[in-house]
1. Kindly state which helices (runs of 4 or more DSSP H) lie completely within the range 1-97 and contain at least 1 residues that are closer than 29 Å to GLU171 by Cβ, in contact (Cβ under 8 Å) with a residue 60 or more places away in the chain and open to solvent by less than 70 Å² (accessible area, probe 1.4 Å).
2. Determine, yes or no, whether LEU71 is farther than 30 Å from THR158 by Cα, at pLDDT 95 or above, touching a Ser or Thr at 6+ places or on another chain (Cβ under 9 Å) and among the aliphatic types (A, V, I, L, M).
Amino acid sequence: MILTLATLERADTLILPASAAQLNRAQKVLEIDDFSEAVIAGIEYASPSLSRLIPAGTATVEDLNELAHCLQQIDAEGETAKYCAALEVERPSTFSEALDMAVNVDDYELVPEDGWEYGREALRRIGADDELLETIDGYTDFEQLGRAMMEEDGVRRTEFGLVRRLSSPFEEQLEMGQQMQ
């Protein structure tokens, strides 16, 4: 993440996440004692989608640095699409909400597009093993079960894939085009 900070007299660019020494260096360059004395003139994310999904209005340098640490971990675990999908569905209204989502990214799961596979995964979650799944394979409509479980689990379609919240299903949506069918 690239952060541009400015005061009336000076500007500086800071690569986040930053160490305490790097943050102190930026304060010296800007000739300020606290980042509240500077304006956040720009935020550039590694993933362009994050710029439109994360509201920046109330962000502080410290909060942005914490988010950058989270995003670094999310990226290292290959979960950027999952975080973006969750942001698209949740539509956080504040930076703080988006940060909380990054901290708790494990509360979300990208799920397979395939209803058949989702049906099998739903049965695995309640204890079915591969032997049982193979036994009932010709007698069970996994596709139909998968679609029904997606609806029950509150799965939502996003431009980043299908996502569900693990702690509780997403709220039911009023727009028919966004519901699972």
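1. Details: elements: 20-30, 48-53, 61-76, 80-90.
Because the criterion is at least 1 residues that are closer than 29 Å to GLU171 by Cβ, in contact (Cβ under 8 Å) with a residue 60 or more places away in the chain and open to solvent by less than 70 Å² (accessible area, probe 1.4 Å), the helices (runs of 4 or more DSSP H) in the range 1-97 that meet it are 48-53, 61-76, 80-90.
2. On the way: farther than 30 Å from THR158 by Cα: no; at pLDDT 95 or above: yes; touching a Ser or Thr at 6+ places or on another chain (Cβ under 9 Å): yes; among the aliphatic types (A, V, I, L, M): yes.
Taking the combined requirement at face value, the residue does not satisfy it.
For (1) part of a helix (DSSP H, G or I); (2) touching a Cys at 6+ places or on another chain (Cβ under 7 Å); (3) open to solvent by 20 Å² or more (accessible area, probe 1.4 Å); (4) not basic (Lys, Arg), each residue gets a yes or a no:
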position	(1), (2), (3), (4)
LEU123	yes, no, yes, yes
GLY127	no, no, yes, yes
THR135	yes, no, yes, yes
GLY138	yes, no, yes, yes
LEU145	yes, no, yes, yes
MET150	yes, no, no, yes
LEU162	no, no, no, yes
GLU172	no, no, yes, yes
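The values are calculated or read from the model by the stated rules, or taken from the named source; none is laboratory data. All of these numbers come straight from a predicted model, not from anything done at the bench. Cβ: placed from backbone, ideal geometry, glycine included. Neighbour counts: every protein chain shown. All accessible areas refer to the heavy atoms of the entire protein, side chains included, with ligands and DNA or RNA removed. Shrake-Rupley method; radii C 1.70, N 1.55, O 1.52, S 1.80 Å.
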